[in-house]
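Structure record follows, encoded as structure tokens.
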Amino acid sequence: MLFKSIKSVALIALGVVAIAEAHFVLQEPVSLGFDDDAEGTAPCGGFNASSRLNVTNWPTSGGAVGVLTTHTTVQWEYKVARLSNLTNWVSVTPTLNQTGVGNFCETLIPGKKAWEGESGVLQVIQHGVDGALYQCAAIKFVKPLRTAALVPTGCTNSTGVTAQWI
């Protein structure tokens, strides 16, 4: 019985370590790709920022960004760049403090109105205990929506996940 208790504690400890070392996964819009080992590589976590395999129309009035995060406290940055100038990343929001583990969805990350009709890249940066982590999505800046943007069904907040702009 004592052996089973020690084994259970060891398994729980390993699970906590795995969560502490995990990064984040961009779920919405479609990510250029995910490589846990390269996620610390700017600008797009080891993926080519000019990739156009899956392009998401991005209203200049704002779109939803959904992630799965395993860090209890992080800060988010949201930046965009024109496909024609991938060295000029422009912040489109202030920094966002987020707490809690699980799914996190921010529903109104704006585009750049002046870039309407152009191809671009959305960069999502998470600052956590293991430094800056990067993921990107191929986007096309489109006209602002006249009505409230539809939030994708998979873009939700887990219980206990909260955020505040700073």
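The values are calculated or read from the model by the stated rules, or taken from the named source; none is laboratory data. Quick caveat: nothing in here was measured; it's all calculated off a predicted structure. Virtual Cβ from ideal backbone geometry, glycine too; neighbours counted across all protein chains shown.
Can you tell me which residues in the range 65-81 are crowded, with 17+ Cβ neighbours inside 10 Å and modelled with pLDDT of 95 or more?
Val65, Gly66, Val67, Val74, Trp76, Glu77, Tyr78, Lys79, Val80, Ala81
Can you pull out every residue in the range 52-64 that is closer than 13 Å to Val121 by Cβ and of a type in the set (Val, Ile, Thr)?
Val55, Thr56
Scan the range 65-80 and give yes if some residue there is more than 18 Å from Val101 (Cβ to Cβ), aliphatic (A, V, I, L, M), in contact with a Gly (Cβ under 9 Å, 6 or more places away or on another chain) and free of Cβ contacts under 8 Å to residues at least 24 places away in the same chain, otherwise no.
No, every residue in the range 65-80 fails to be more than 18 Å from Val101 (Cβ to Cβ), aliphatic (A, V, I, L, M), in contact with a Gly (Cβ under 9 Å, 6 or more places away or on another chain) and free of Cβ contacts under 8 Å to residues at least 24 places away in the same chain.
Would you check if there is a residue in the range 134-157 being surrounded by fewer than 16 Cβ atoms within 10 Å (Cβ to Cβ) and modelled with pLDDT of 95 or more?
For the range 134-157, residues surrounded by fewer than 16 Cβ atoms within 10 Å (Cβ to Cβ) and modelled with pLDDT of 95 or more: absent.
Does Glu116 satisfy the condition of being out of contact with any helix residue (DSSP H, G or I) (no Cβ under 9 Å at 6 or more places or on another chain), farther than 18 Å from Leu26 by Cα and acidic (Asp, Glu)?
yes
Residues checked against (1) assigned to a strand (DSSP E or B); (2) more than 13 Å from the chain's Cα centre (by Cα):
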{"site": "Asn85", "(1), (2)": "no, yes"}
{"site": "Phe104", "(1), (2)": "yes, no"}
{"site": "Gln123", "(1), (2)": "yes, no"}
{"site": "Gln135", "(1), (2)": "yes, no"}
{"site": "Ile139", "(1), (2)": "yes, yes"}
{"site": "Leu145", "(1), (2)": "no, yes"}
{"site": "Val151", "(1), (2)": "no, yes"}
{"site": "Gly160", "(1), (2)": "no, yes"}
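Is the range 93-109 home to any residue that is surrounded by fewer than 18 Cβ atoms within 10 Å (Cβ to Cβ), under 23 Å from Ser51 (Cβ atoms), of a type outside the set (S, T, N, Q) and at pLDDT below 95?
No, the conditions are met nowhere in the range 93-109.
Restricting the range 110-127 to residues that are farther than 16 Å from His71 by Cβ and among the polar types (S, T, N, Q), which is surrounded by the fewest Cβ atoms within 10 Å (Cβ to Cβ)?
Ser119
Given the conditions (1) at pLDDT below 95; (2) in contact with a Ser or Thr (Cβ under 6 Å, 6 or more places away or on another chain); (3) buried (at least 18 other Cβ atoms within 10 Å of the Cβ), which single one is not true for Thr60?
So the condition that Thr60 fails would be (2).
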